[in-house]
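Pasting in a structure now, in structure tokens, and then I'll have a few things to ask.
The values are calculated or read from the model by the stated rules, or taken from the named source; none is laboratory data. The model shown is predicted, which means the values in this text are computed figures rather than measured ones. In this analysis, Cβ positions are derived from the backbone assuming ideal geometry, glycine residues included, and neighbour counts consider all displayed protein chains.
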Amino acid sequence: MQTNVREGTYAKLSEYHGKSRENVMAWCEEVERVATANNWGAARIYTIVAAYLRGAAADYYEEKRVNVNGWAEGNAANNLKDLLIARFTSDSVKDV
């Protein structure tokens, strides 16, 4: 039996600002959990995530978006997830 699961907004995503007190890796995990719950396809994840970026994170997205191919597709140099993690992970976390 095939069921058609429709895209929806069953779970809500929090905004990400790129502030030092925010954990970018935890936010990226939240993105993936919310995307699964809402049945978002890969292309939609990228489009929706961009709308939840604020402040420094939104500025960084605007700077990089011409070269970004999607949320987690491709290599680290051209997917938004890896770019955000590389830019906003604190040095103390990177050293662990």
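When you scan the stretch 25-57, how many residues do you find that are under 9 Å from the mean Cα position of the chain (by Cα) and not charged (D, E, K, R)?
So the answer is 10.
Another one. Just one of the numbered conditions (1) buried (at least 16 other Cβ atoms within 10 Å of the Cβ); (2) out of contact with any helix residue (DSSP H, G or I) (no Cβ under 7 Å at 6 or more places or on another chain); (3) closer than 15 Å to residue 8 by Cα; (4) among the aliphatic types (A, V, I, L, M) is not true of residue 49; which one?
The single condition residue 49 does not satisfy is (2).
Which one is modelled with the lowest pLDDT among residues in the stretch 20-56 that are more than 15 Å from residue 85 (Cβ to Cβ), part of a loop (DSSP other than H, G, I, E, B) and charged (D, E, K, R)?
Among them, the one singled out is 21.
Being hydroxyl-bearing (Ser, Thr, Tyr) and either over 15 Å from residue 45 (Cβ atoms) or in a loop (DSSP other than H, G, I, E, B) (or both) is the filter here, so list the residues in the stretch 57-83 that pass it.
First pass over the stretch 57-83, keeping only residues hydroxyl-bearing (Ser, Thr, Tyr): 60-61.
Selection gives 60 alone.
Then there is this: Under 9 Å between Cβ atoms, at least 6 apart or on separate chains: pull out the pairs that start in the stretch 33-62 with a residue that is on the phi > 0 side of the Ramachandran plot and end on any residue that is in a helix (DSSP H, G or I).
Once the first residue is on the phi > 0 side of the Ramachandran plot and sits in the stretch 33-62, no partner that is in a helix (DSSP H, G or I) comes close enough.
While we're looking at this one, here's another question. Can you tell me how many residues in the stretch 7-19 are among the hydroxyl-bearing types (Ser, Thr, Tyr) and either within 10 Å of the chain's Cα centre (by Cα) or within 17 Å of residue 87 (Cα to Cα) (or both)? It would help to see each step written out before you state the result.
Step one: list which residues in the stretch 7-19 are among the hydroxyl-bearing types (Ser, Thr, Tyr), which gives 9-10, 14, 16.
Subsequent filtering for residues that are either within 10 Å of the chain's Cα centre (by Cα) or within 17 Å of residue 87 (Cα to Cα) (or both) retains 16.
Selection size over the stretch 7-19: 1.
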